[in-house]
Structures are given as C-alpha cells and as structure tokens.
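A.B. asks: I have a structure I would like to understand better, so I am pasting it below and will then ask my questions one at a time.
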Amino acid sequence: LSDAARASIDIALWDLAAKRAGLPLYRLLGEKRNSIDAYASLPFYESLPEYLAAVDDYAQAGYEIFKFHVWGLLKEDLELVELVQQTYADTPYQFMIDAESAYDTEQAMAVGSAMDKGSFIWLEAPIRDEHHEQYRQLRDQLKQSIIPSGYTLYSAQFVRQGIQHGAWDAGRFDATVVGGISRALQLLIIADAAN
C-alpha cells in the first residue's frame, strides 16, 4: 500500500479508537493545548498588488500571520519581500515564504537575507529537502526559521538524518501524506526528542 492509502486506514482507526473512548482525538493523544495560532496560507498570485490585497483581506478576517507562495524567481521574489516590509513595517503582522524548493542555495540565501531585515519569521522549502548541508548553511546564517517542504522524503530515517545534520529549525508534514496519525506521532516523537 502507498503511504496515502495507509494514511486513510490509520486515520479511520484512530477516529474509531477516539469514538470508542468517548474523547476527541486530540485528548486521546495526550492534549498539551487546545488551540494554536492560525495563519493565512495565500495561494500563488500573478502580481504584487494581488499579494498585498490578499494580506489586507485576510487581515480584516483577523489573521496576523501570512504565508506567501512565491514565484521562485529571484528578482520578483525579492521585490515582494521588499514591498511587504515597506507596506507593513508598522503593523503586528508576520510573514513566511514557501518557495516550493525553487531556489539554489545562493538564491535562497539572497531571499533569506532580505527577509531577515523585516518581519518574516520562516523560509519554507527554499531548496530540495534532501540537501541537508545547504539547509544547515542557510540555518546557520539566517535569522528566521528554516523548514523543509515536508512532502517528499519524510520517513523517520530522513527526519533523523536532517536533525543530525542540523538542517532545519522545525519540521512539517501532512498526516495524510506520511502514512497516517501513527506515523505522524513517530515523527513528532523524533522531533520532540531533538527539541
């Protein structure tokens, strides 16, 4: 079975276990908190004004953290970073970029350095997830959190290797991609043990 097929079965079994226990799943799993800050994950837009309009629209809905999916083109992405920092310098807003592994290390460093000058808090998937050494270089030289894509090689062994190489500040994954809640818990335990 694929991880996605396994995930469907595993999630259904966890849902059944929670129902039998008469608890919401988060409580069955050992609730540590009952809320988390949400962020607006913005889709890809064709122009800079569309990105700014989206931030303004989502801010009216109560969001203060925004994730941009960018073009992966150095010049255009740097223009977006600069415009966002100028436009929202006097706000409580925080921003993230998801580059979808579009950069090489030098381009990722350029975008990350520009992000460091303002209210950006994480750079997601600047390069391919398996480039641990390059991720470590970014992590060592940039202020904001550096995290992988989380949709490629997310096995327990891969996460351990990334942690050993000092590749990321945090991890991310989708339980429906990695094989379900059981696999997600395994990855969370590994990440938690590494702080």
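Every read-out reported here was derived from the displayed coordinates using simple, explicitly stated rules and does not represent laboratory data. These figures come from a predicted structure and were not determined experimentally. Glycine gets a Cβ as well: all are built from the backbone with ideal geometry, and neighbour counts include every protein chain shown.
A.B. asks: Which FRET efficiency, nearest 0.05, do residue 57 and residue 176 yield, Cβ-Cβ r, R0 30 Å?
C.D. replies: 0.60
A.B. asks: Further question on the same structure: Quick check: the angle from helix 3-21's long axis to the longest principal axis of the chain, C-alpha only, nearest 10 degrees?
C.D. replies: Helix 3-21 sits roughly 60 degrees off the main axis of the chain.
A.B. asks: Here's a follow-up. With axes computed from alpha carbons, what is the tilt in degrees of helix 48-60 against the longest principal axis of the chain, rounded to the nearest 10 within 0 to 90?
C.D. replies: Between helix and principal axis, roughly 50 degrees.
A.B. asks: Using the alpha-carbon centroid of each, what span in Å lies between region 133-195 and region 68-119?
C.D. replies: 22 Å
A.B. asks: So what are the ³J(HN,Hα) numbers for region 35-47, from phi and the Karplus equation (6.51, -1.76, 1.60; θ = phi - 60°), rounded to whole Hz, Gly and Pro as x?
C.D. replies: Computed from phi, the couplings for region 35-47 are 8, 8, 5, 9, 10, 8, 8, 7, x, 6, 10, 7, 9 Hz.
A.B. asks: Can you give the FRET efficiency to the nearest 0.05 for residue 44 and residue 89, using r as the Cβ-Cβ distance and R₀ = 30 Å? Please report the intermediate quantities before stating the final value.
C.D. replies: Working: r = 24 Å, r/R0 = 0.81.
Taking R0 as 30 Å, the efficiency between residue 44 and residue 89 is 0.75.
A.B. asks: How far apart, in nm, are two points set 7 Å out from the Cα along the Cα-to-Cβ line at residue 35 and at residue 190?
C.D. replies: In this crude spin-label approximation the distance works out to 3.3 nm.
A.B. asks: Then there is this: Along its three principal axes, how long is region 41-195 when you only count alpha carbons? Whole Å, largest extent first please.
C.D. replies: The Cα atoms of region 41-195 stretch 42, 34, 26 Å along their principal axes.
A.B. asks: Which number gives the lysine pairs in the chain that have C-alpha atoms under 28 Å apart and are eight or more places apart or on different chains?
C.D. replies: 9
A.B. asks: I would also like to ask the following. Hey, rough spin-label estimate for residue 73 and residue 9, points 7 angstrom out along Cα→Cβ, what's it come to in nanometres?
C.D. replies: 4.6 nm
A.B. asks: Calculate the spin-label point distance for residue 28 paired with residue 104, positioning each point 7 Å from the Cα along the beta-carbon direction, and give it in nanometres.
C.D. replies: Placing both labels 7 Å beyond Cα along the Cβ direction yields 5.0 nm.
A.B. asks: Could you order peptides 61-74, 94-107, 44-57 by the average number of other Cβ atoms within 10 Å of their residues, highest first? Walk me through the numbers before you get to the answer.
C.D. replies: Working: 61-74: 16.4, 94-107: 18.9, 44-57: 14.0.
My ranking of the peptides, most packed first, is 94-107, 61-74, 44-57.
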